Amino acid sequence: ISNIEANPFQPRTQFEKEALLELADSIKELGIIQPVTVRKLGYDKYQLISGERRFRASQIAGLDRIPAFIRIANDQEMLEMALVENIQRENLDAIEVAFSYQKLIEECNLTQEKLSERVGKKRSTVANFLRLLKLPAEIQLAIRTKDITMGHARALINLTDTKKQLAIFHKTVKEGLSVRQVEELVQDKKAENADKIAQFKKGKSASLTFSQQKIKEDLASFLKTDVQLQTNSKGKGKIVIPFSSEEQLERVIELLGL
């Protein structure tokens, strides 16, 4: 074990201490069932390719020798073997997988198409993981700590405004929103943005008068939702009453007495 150095390309950055201790106890009792894989660097010097959990647990168990497969590989081959094997076999979190995919693309000069072939995943799956890296660091951390799921994250990616992403993210964590509820909130925000852009492009947006603003605020208070009142320079306009669920729509209808 003293002749083996850690894998610098290891995609997993977090190891559960309790799980390692349990594995160490098992190794003390039964030994290592599956050898680790290393590459030879020089005389009595090796670098780990895969099996870091077994390697660490063996150290905890006090072993000085472990069974190993020895391979010859250059740095690029080492990186690719380590990442692909870990992605396929280890229970990595979604962000660790995304970073591994990104590293393979950048350092092994792979396209998303080639990468999908190497890891045995659909190209769309690879693309979805890579998109997670565009999210704010706070949201990426929440994926790693399992405060939100990848489904929540994929919904949030569809918003390009970081502030709105974070606002919905905080609401999701605080209220324990489902993926479906987050998708609906995102769609509401996108529709709201589209309406504002459309009004701006058409040159029909106009500032609300004091009385119109008062009407808007009174409606919002009465219906308990963010009512939008839009007018143009000719005095025409519309009232928009957004809702995020079937239940909220039914409540609005009931309040309107329809």
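The values are calculated or read from the model by the stated rules, or taken from the named source; none is laboratory data. Note that the coordinates shown come from a computational prediction; the quantities given were computed from them, not determined experimentally. No Cβ is skipped: glycine too gets one built from the backbone with ideal geometry, and neighbour counts run over all protein chains shown. Please note that ligands, DNA and RNA were not included when accessible areas were found on the heavy atoms of the full protein model with its side chains. Shrake-Rupley method; radii C 1.70, N 1.55, O 1.52, S 1.80 Å.
Taking the range 112-127 as the region of interest, how many residues are open to solvent by 30 Å² or more (accessible area, probe 1.4 Å) and either in contact (Cβ under 8 Å) with a residue 12 or more places away in the chain or within 19 Å of Met81 (Cβ to Cβ) (or both)?
Selection size over the range 112-127: 6.
Among Lys146, Lys204, which is the only one that is open to solvent by 70 Å² or more (accessible area, probe 1.4 Å) and at pLDDT below 80?
Numbers: Lys146 fails: at pLDDT below 80.
Testing whether each residue is open to solvent by 70 Å² or more (accessible area, probe 1.4 Å) and at pLDDT below 80 leaves just Lys204.
How many residues are open to solvent by 40 Å² or more (accessible area, probe 1.4 Å) and either assigned to a helix (DSSP H, G or I) or within 15 Å of Ile143 (Cβ to Cβ) (or both) when one looks only at the range 167-181?
Taking the range 167-181 first, the residues open to solvent by 40 Å² or more (accessible area, probe 1.4 Å) are 167, 170-171, 173-176, 178-181.
Subset that is either assigned to a helix (DSSP H, G or I) or within 15 Å of Ile143 (Cβ to Cβ) (or both): 167, 170-171, 173-175, 179-181.
Selection size over the range 167-181: 9.
Kindly indicate whether any position in the range 231-248 is open to solvent by 80 Å² or more (accessible area, probe 1.4 Å), among the acidic types (Asp, Glu), in a helix (DSSP H, G or I) and modelled with pLDDT under 85.
Restricting attention to the range 231-248, the residues satisfying the condition of being open to solvent by 80 Å² or more (accessible area, probe 1.4 Å) are 233-234, 236, 238-239, 243, 246-247.
Those left that are additionally among the acidic types (Asp, Glu): 246-247.
Next, from what is left, pick out any that are in a helix (DSSP H, G or I): 246-247.
Applying the additional criterion that residues be modelled with pLDDT under 85 yields 246-247.
Scanning the range 231-248, I find at least one residue that is open to solvent by 80 Å² or more (accessible area, probe 1.4 Å), among the acidic types (Asp, Glu), in a helix (DSSP H, G or I) and modelled with pLDDT under 85, so the answer is yes.
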